[in-house]
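Computed from the coordinates by the stated procedures, all read-outs in this text should not be read as laboratory data. As the structure is a prediction and not an experimental result, all values here were calculated from the model. Don't worry about glycine lacking a Cβ; one is built from the backbone with ideal geometry, like all the others, and counts go over all protein chains shown.
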Amino acid sequence: KLHREQTSTYEQTWNEVIKYAMENVPEARELIENSRRAPVLVQVSNLPWPVAWRDIKSRFEDYDVVFVKEGYTRDANDQGWASMRMGSLDEANRMVEEMNGAIVDGRPIHLEITSSSDSV
């Protein structure tokens, strides 16, 4: 029982901190609201391989890319891929609209939104 009371006190304190930040710190409000949403993920395929996450992030620097994970498929073409967490669904849609089919090192890349708060 003691553990439950400690957890309850911790949760209560945490909720008070979040409430204070939401009401009194404008910069924190947006960050907190964004963190409560499901992530918006964009899958990019047919990237040349090898490719580093820094190169991918640099290539998409005009968009609100928060996180990049890269990898590749071992086949005759050695196709690279990236999964990117976006700052917003609007930015993800803009990036897909503007970059889908773009040529990267001689390859047309394919972008697709694979997860968002609106699709769940």
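Here each label is just a point 7 Å from Cα along the line to Cβ, and for D62 and E33 those points are 2.7 nm apart. With 0.36 nm allotted per residue and the present C-alpha distance subtracted, the E16-T114 stretch has 31.8 nm of extension available.
What FRET efficiency do you get for A52 and E97 if R0 is 22 Å and r is their Cβ-Cβ distance, rounded to the nearest 0.05? Don't skip to the end; give the middle numbers.
Values: r = 25 Å, r/R0 = 1.15.
Approximately 0.30, to the nearest 0.05.
Maximal additional length on extending the E23-Q43 stretch stands at 3.6 nm, based on 0.36 nm per residue less the C-alpha distance.
Working ranking of peptides 25-32, 55-62 by packing, defined as the average number of other Cβ atoms within 10 Å per residue, highest first, is 55-62, 25-32. Placing a label point 7 Å from the Cα of L89 along the Cα-to-Cβ direction, the residues of segment 19-34 whose backbone N falls under 20 Å from that point are 30-34.
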